[in-house]
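The values are calculated or read from the model by the stated rules, or taken from the named source; none is laboratory data. Just so you know, these numbers come straight off a predicted model, no measurement behind them. Cβ sites come from the backbone with ideal geometry, for glycine too, and all protein chains shown count toward neighbours.
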Amino acid sequence: MQTALGLATALLLNRRLPGSQVFRVIYVIPWICAPLALGVVWRWIFDPSDGALNALIGHRVEWLSSPTLALPAVAAVAVWSQVGYVTLFFLAGLNAIPEQLYEAARIDGAGQRQVFWRITVPLLRPTTFFVLVTGVISSFQVFDTVYAMTRGGPAGRTDVIAARIYFEAFEAFRLGRAAALAVLLFVLLVVVTVAQQLYFRRRITYDLS
């Protein structure tokens with residue numbers, strides 16, 4: 001999700017419309033902020049009594065207390081905080097694509113959709129590989145946001161693996177179980193990363209000499 005949103009945002013910012021420089025800074029701010037601080041702010045926003053979101057919609061919703069809504073709410077915050085990071089790298093990838101390729105495609109009569117799927121997407125393959133790998137790793141490492149917003153509740157619905165390792169090690173003092181979970185997480189990330197590497201093993205270069 002964050003990869004698709006980051007790519008869409010990068011494509012819009014790459015048009016260099018008026019004010020795009022300001023929006024570039026705004027999109028990156030959540031990524032550079034402390035996740036724990038963001039979690040505290042979003043906990044207030046989702047507060048059922050005094051929260052800004054319920055005040056905006058004019059209806060009381062138990063965002064973080066509902067077993068159905070808690071995980072989507074935490075996931076939305078996690079994605080929102082990473083979109084700027086993904087956008088930043090996709091912007092760099094877009095700026096690295098030679099403009100001559102786009103000009104040649106337009107001369108040959110290619111439309112916007114053909115240019116996007118046959119030039120932009122293939123040449124962004126290395127960038128896509130990088131943001132997917134780092135995005136998957138960061139999603140498994142989400143802890144501060146969960147700790148600040150729900151502490152794994154309600155009923156364990158937001159008990160993600162990084163938070164579970166913390167709770168097992170430093171609250172339940174089951175260090176052996178926490179270590180086993182950490183090893184399983186490491187193995188899982190290695191497997192996923194290798195699978196992504198095999199899928200993106202074809203490299204694209206921009207050498208036109």
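Check Leu64 against each of (1) over 22 Å from Ile29 (Cβ atoms); (2) part of a helix (DSSP H, G or I); (3) of a type in the set (A, V, I, L, M, F, W, C); (4) touching a residue at least 40 places away in the same chain (Cβ under 8 Å) and name the one condition it does not meet.
(2)
Which one of the conditions (1) in a loop (DSSP other than H, G, I, E, B); (2) without any contact (Cβ under 8 Å) to a residue 40 or more places away in the chain; (3) within 18 Å of Val74 (Cα to Cα) does Arg164 fail to meet, given that it meets all the rest?
For Arg164, the failing item is (1).
List pairs: first in the stretch 42-58 and under 18 Å from Thr145 (Cα atoms) and part of a helix (DSSP H, G or I), second modelled with pLDDT under 95 and among the polar types (S, T, N, Q), Cβ under 8 Å, 6+ apart or cross-chain?
Trp42/Thr145
Is the stretch 162-178 home to any residue that is surrounded by 12 or more Cβ atoms within 10 Å (Cβ to Cβ) and closer than 30 Å to Leu91 by Cβ?
Within the stretch 162-178 (the criterion being surrounded by 12 or more Cβ atoms within 10 Å (Cβ to Cβ) and closer than 30 Å to Leu91 by Cβ), the answer is yes, since at least one residue qualifies.
Of the residues in the stretch 10-25, how many are in contact (Cβ under 8 Å) with a residue 40 or more places away in the chain and not small (Gly, Ala, Ser)?
4
Does the stretch 113-131 include one or more residues that are within 29 Å of Leu64 (Cβ to Cβ) and either in contact (Cβ under 8 Å) with a residue 12 or more places away in the chain or in a helix (DSSP H, G or I) (or both)?
Yes, the stretch 113-131 contains a residue that is within 29 Å of Leu64 (Cβ to Cβ) and either in contact (Cβ under 8 Å) with a residue 12 or more places away in the chain or in a helix (DSSP H, G or I) (or both).
Please give the number of the condition Arg177 fails out of (1) touching a residue at least 60 places away in the same chain (Cβ under 8 Å); (2) touching an Asp or Glu at 6+ places or on another chain (Cβ under 7 Å).
Of the numbered conditions (1) touching a residue at least 60 places away in the same chain (Cβ under 8 Å); (2) touching an Asp or Glu at 6+ places or on another chain (Cβ under 7 Å), the odd one out for Arg177 is (1).
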